1. Label ALA178 and VAL256 with points 7 Å out from Cα along Cα→Cβ: what is the distance between them in nm?
2. Using Cα-Cα distances under 8 Å and only pairs 6 or more residues apart, what relative contact order does the chain have, in percent?
3. Could you work out which residue, out of LYS128, LYS217, LYS42, moves most in a Gaussian network model of the chain, that is, has the largest mean-square fluctuation with Cα springs under 10 Å?
4. Roll a 1.4 Å probe over the protein chains and send me the accessible area per residue for region 4-147 in Å².
5. Normalised by the number of residues in region 117-273, what is the relative contact order in percent for Cα pairs under 8 Å and 6+ residues apart?
6. Would you calculate, for the chain, the mean residue ellipticity at 222 nm contributed by helices, counting each DSSP H stretch of 4 or more residues as -39,500 (n - 2.57) and dividing by all residues, to the nearest 500?
7. For a quick check of understanding: with a 1.4 angstrom probe and all protein chains in place, what accessible area in square angstrom does ARG21 have, to the nearest ten?
8. Which of GLY233, GLY130, GLY122 moves most in a GNM of the chain, Cα contacts under 10 Å?
Amino acid sequence: MISRRGSEDTAALDFAVQIAREAGRVLLQHFERLDPTRIERKSTHRDLVTAADLASERTILQAVRARYPGHAIHAEEEGRSGSPDAPTWIVDPLDGTINFVHGLPAFGVSIALYEGGEPRVGVVHLPKLGETFSARAGGGAFLAGRPIRVARTSELKDALVATGFPYERGDPERDNAALFAHLYPQVRDLRRWGAASADLAFVACGRFDAFWELDLKPYDVAAGALLVREAGGVVTDLRGGNEWLHGGSVVCGPPVLHAALQRELRGRWRGGA
Ligand code: IPD
Ligand code: CA
Ligand code: CA
């Protein structure tokens, strides 16, 4: 018999899938029609925000507030609202903004529900690819309604490994170039897809064998990390601990491969001392 928590989470997941798809339709209305004079820079010339990020986030937050008025929100553009103890919706309304601005199809919507620091549901929707990844804690991970699993790969030499680079460059603790160079001769190949939530979703379904990144925010990883876990993978921070949601760094993959990758990265990471 499904528990009360299980049926609440199933309802929350159905809701999250529906609003992620709605937000995806909003993004597609803006895709390849952006007014370049209205693309704003946030912290650096790489960190962009467009009318599409804002419209997608408005769509999601309005729906969350109407359906779950007692819940808290942590959204990329609007920030945090609501009680820190309440179940929290963690939202990236457009992950892969640089791809979006350049007309590349690698972008999506990431929505997760957390409570007490633990994931309950997560959705990554990639509107241009027409793919929706979803997971419920203890309920498995799915792509288009079918169960997904991480790859069986256990050795770095056979692995296609994804990563990403932070907007702020020059800080040695967050400099991924050295780690990239260290891994480059050891793996089958490396990919920089440009949307962390999709990188995680692709690990969950075995397209990528593993993924790491150094300077991510909770809204980049909240949904994708649950997908990976529910698909049989391991998610940690680069030190091998559990600070992957707020700590910035994340490394994930099938258990044996994850351990090998984490060891290699930690050994070379200047922020890992
Ligand atoms: C970015 C993407 C990118 C990652 C950056 C993120 P945004 O998110 O996920 O792949 O490398 O660190 O900030 O800004 O497109 O939502
Ligand atoms: Ca993001
Ligand atoms: Ca974003």
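1. Each label point is offset 7 Å from its Cα along the Cβ direction, giving 3.1 nm.
2. Details: 614 pairs, mean separation 44.6, N = 273.
In percent, rounded to a whole number, it is 16.
3. LYS42
4. On the way: 6660 Å² over 144 residues.
Result: 46 Å² of accessible area for each residue.
5. Numbers: 346 pairs, mean separation 42.3, N = 157.
Contact order relative to length: 27 percent.
6. Details: 7 runs with 92 residues, N = 273.
My calculation for the chain gives -10500 deg cm²/dmol from helical runs alone.
7. 100
8. Of the options given, GLY130 has the highest mean-square fluctuation.
The values are calculated or read from the model by the stated rules, or taken from the named source; none is laboratory data. Keep in mind that what you see is a predicted model, and the values were worked out from it rather than measured. When we count neighbours, we look across all protein chains shown, and the Cβ atoms used for this are built from the backbone with ideal geometry, even at glycine. Note: accessible area is taken over every heavy atom of the protein model, side chains too, but ligands, DNA and RNA are not part of it. Shrake-Rupley method; radii C 1.70, N 1.55, O 1.52, S 1.80 Å.
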